[in-house]
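One structure is given here, and the rest of the page talks about it.
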Amino acid sequence: MKQVTITKEDGRVHVDVDLDYLFSTLRNGVYTLYIKRAREKRTIAQNDLMWLWFACIEGETGTAKEDVYNHYCKKFLSKPDPMGEGFINDTSSKLNTKQMADFMKKIQADAATELGIMLPIPEDRYFENFYQQYNV
């Protein structure tokens, strides 16, 4: 399957390949064309905030932040192995910005309900104090 990148900006469309040529290389038959909006990879700010949260959880529970990360990846990002051999644990590095935001909301909710730890976001009133305390 061929992947083509289409970018629309200021009303203009740019395609990264010559579509006429691409279509000329197809064999006779019926084809289906899908266009899907590309999502940006998770942001550095999202990743930094996640690790700040894990530093907080480490400080409050004594569990190493790497273990906290692995726990949440297993809890929220694992999926059944198609070969029936248990589960495959994904990492946050494969997430786009929307998926990362969803992952972080789950972490935030779990930390509040299971650990009694409130994890703030940058827009929260006392975030700067939180940042100063756990940004080590």
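Just a yes or no: is a residue in region 86-98 out of contact with any strand residue (DSSP E or B) (no Cβ under 7 Å at 6 or more places or on another chain), more than 30 Å from ARG37 (Cα to Cα) and small (Gly, Ala, Ser)? Yes; the residues of region 86-98 include at least one that is out of contact with any strand residue (DSSP E or B) (no Cβ under 7 Å at 6 or more places or on another chain), more than 30 Å from ARG37 (Cα to Cα) and small (Gly, Ala, Ser). For region 56-75, check the following and say yes or no: at least one residue is at pLDDT 95 or above, touching a helix residue (DSSP H, G or I) at 6+ places or on another chain (Cβ under 6 Å) and among the hydroxyl-bearing types (Ser, Thr, Tyr). Looking for residues that are at pLDDT 95 or above, touching a helix residue (DSSP H, G or I) at 6+ places or on another chain (Cβ under 6 Å) and among the hydroxyl-bearing types (Ser, Thr, Tyr), one finds at least one in region 56-75, hence yes. Here is a check on your reading of the model: is MET104 over 30 Å from THR5 (Cα atoms) and out of contact with any Gly (no Cβ under 7 Å at 6 or more places or on another chain)? It is false that MET104 is over 30 Å from THR5 (Cα atoms) and out of contact with any Gly (no Cβ under 7 Å at 6 or more places or on another chain). Under the condition of being surrounded by 14 or more Cβ atoms within 10 Å (Cβ to Cβ), over 13 Å from LEU119 (Cβ atoms) and charged (D, E, K, R), the residues counted in region 29-64 number 2.
When the residues of region 79-129 are filtered to those that are at pLDDT 95 or above and touching a Cys at 6+ places or on another chain (Cβ under 7 Å), the one that is surrounded by the fewest Cβ atoms within 10 Å (Cβ to Cβ) is ILE117.
Taking ILE35, is it touching an Asp or Glu at 6+ places or on another chain (Cβ under 9 Å), at pLDDT below 90 and not hydroxyl-bearing (Ser, Thr, Tyr)?
The answer is no for ILE35.
The values are calculated or read from the model by the stated rules, or taken from the named source; none is laboratory data. Note that the structure is a prediction, hence the values are computed from the model and not measured. Neighbour counts run over all protein chains shown; Cβ positions are idealised from the backbone, glycine included.
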